[in-house]
Amino acid sequence: MAFCFISDLHLQEDRPEITEAFISFIEGTASKAERLYVLGDFFEAWIGDDDENDLASLVKKTLVKLSKSTDIYAMHGNRDFLIGSDFAEEASLVLIDDPKKEEMFNQSVLLMHGDLLCTDDVDYQSFRETTRDPSWRKEFLNKPISERKKIAKELRTISKEATGRKKEDIMDVAQNEVFRIMEEFSVNLLIHGHTHRPNIHHISINGVPSKRIVLGDWDNHGWFIWMDANSCELKKFPIS
Ligand code: MN
């Protein structure tokens, strides 16, 4: 038995090679796992489940096929937090909260996208709070698709400008928040993505040797974690 984790694929029409790599990965590696977890930023953008496009249809078709062999779980990222229950149903996946604590192979594991850990980025956290509010969500999703696309583009431009101005370390996780949340949930393993800084960090939580494993974004390489009863490895493969 094995579980597989991915995040930050940032799927978009403009990067067909990433979509192709995703499909091969699903048909190969992921289909050999009992569970697949997608820890956010699956898509570069998501303006609502009713925005029908070829990419969304292809992903749904691919996941429905995978669901015959593998249970699929997905968490929102900061880019695709508007993925809703219609998409989840059509893609045969289960949406999970962020953070989510799971018991896996006799170990408590905390799963997150990772943006919640970037507490030094005060502007972003306030934007996050606004846009995750159910009333903001409802109002946005009630707008026509063309208007939603326009707003999403504007928000993206503002975010890019802000990101350019921010110091590198503001956009990484805040160490004190990592310790705080791992202590709060009583876990010795934290898995997340978002920062695009794939790595295995060895830390100590209340004197116990612990790990924070960071998934990478899919670009020149695809990244995944493969977990079974004996190991938990961060792996990568080239994308051409
Ligand atoms: Mn992200």
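The values are calculated or read from the model by the stated rules, or taken from the named source; none is laboratory data. If you're wondering where the values come from, they're calculated on a predicted model, not measured in any experiment. Neighbour counts are summed over all protein chains in view; Cβ atoms, including those assigned to glycine, are modelled from backbone coordinates with ideal geometry. These area figures cover heavy atoms from the full protein model, side chains too; ligands, DNA and RNA do not enter into them. Shrake-Rupley method; radii C 1.70, N 1.55, O 1.52, S 1.80 Å.
Determine, yes or no, whether LEU141 is hydrophobic (A, V, I, L, M, F, W, C), within 16 Å of the ligand (Cβ to nearest atom) and open to solvent by less than 70 Å² (accessible area, probe 1.4 Å).
For LEU141, the condition - hydrophobic (A, V, I, L, M, F, W, C), within 16 Å of the ligand (Cβ to nearest atom) and open to solvent by less than 70 Å² (accessible area, probe 1.4 Å) - is not met.
Based on this model, can you work out whether THR70 counts as open to solvent by less than 50 Å² (accessible area, probe 1.4 Å), closer than 25 Å to SER146 by Cα, at pLDDT 95 or above and away from the ligand (no atom under 16 Å from the Cβ)?
no
Going through the range 16-36 one residue at a time, which ones are assigned to a loop (DSSP other than H, G, I, E, B) and open to solvent by less than 50 Å² (accessible area, probe 1.4 Å)? Can you show your working first?
As a first pass, look at the range 16-36 and keep what is assigned to a loop (DSSP other than H, G, I, E, B): 28-29, 33-34.
Across the range 16-36, the qualifying residues are GLY28, THR29, ALA33.
Within the range 94-110, take every residue that is of a type in the set (A, V, I, L, M) and closer than 17 Å to SER231 by Cβ and give me the one that is surrounded by the fewest Cβ atoms within 10 Å (Cβ to Cβ). Step through it out loud before you land on a result.
Within the range 94-110, the subset of a type in the set (A, V, I, L, M) is 94-96, 104, 109-110.
Right, trim to closer than 17 Å to SER231 by Cβ and you get 104, 109.
On the way: MET104: 19, VAL109: 23.
Among those that are of a type in the set (A, V, I, L, M) and closer than 17 Å to SER231 by Cβ, it is MET104.
Looking at the structure I just gave you, is LEU58 open to solvent by less than 10 Å² (accessible area, probe 1.4 Å), farther than 22 Å from LYS101 by Cα and not aromatic (Phe, Trp, Tyr)?
On the way: open to solvent by less than 10 Å² (accessible area, probe 1.4 Å): no; farther than 22 Å from LYS101 by Cα: yes; not aromatic (Phe, Trp, Tyr): yes.
No: the conditions fail for LEU58.
Quickly run through the range 206-238 and pick out the residues that are among the β-branched types (Val, Ile, Thr) and either under 13 Å from LEU39 (Cβ atoms) or buried (at least 19 other Cβ atoms within 10 Å of the Cβ) (or both).
The initial filter retains those residues of the range 206-238 that are among the β-branched types (Val, Ile, Thr), namely 208, 213-214, 225.
Correct list: ILE213, VAL214, ILE225.
How about the range 181-231: which strands (runs of 3 or more DSSP E) wholly inside it have at least 3 residues that are within 15 Å of the chain's Cα centre (by Cα) and modelled with pLDDT of 95 or more?
Passing ranges, in order: 189-192, 221-228.
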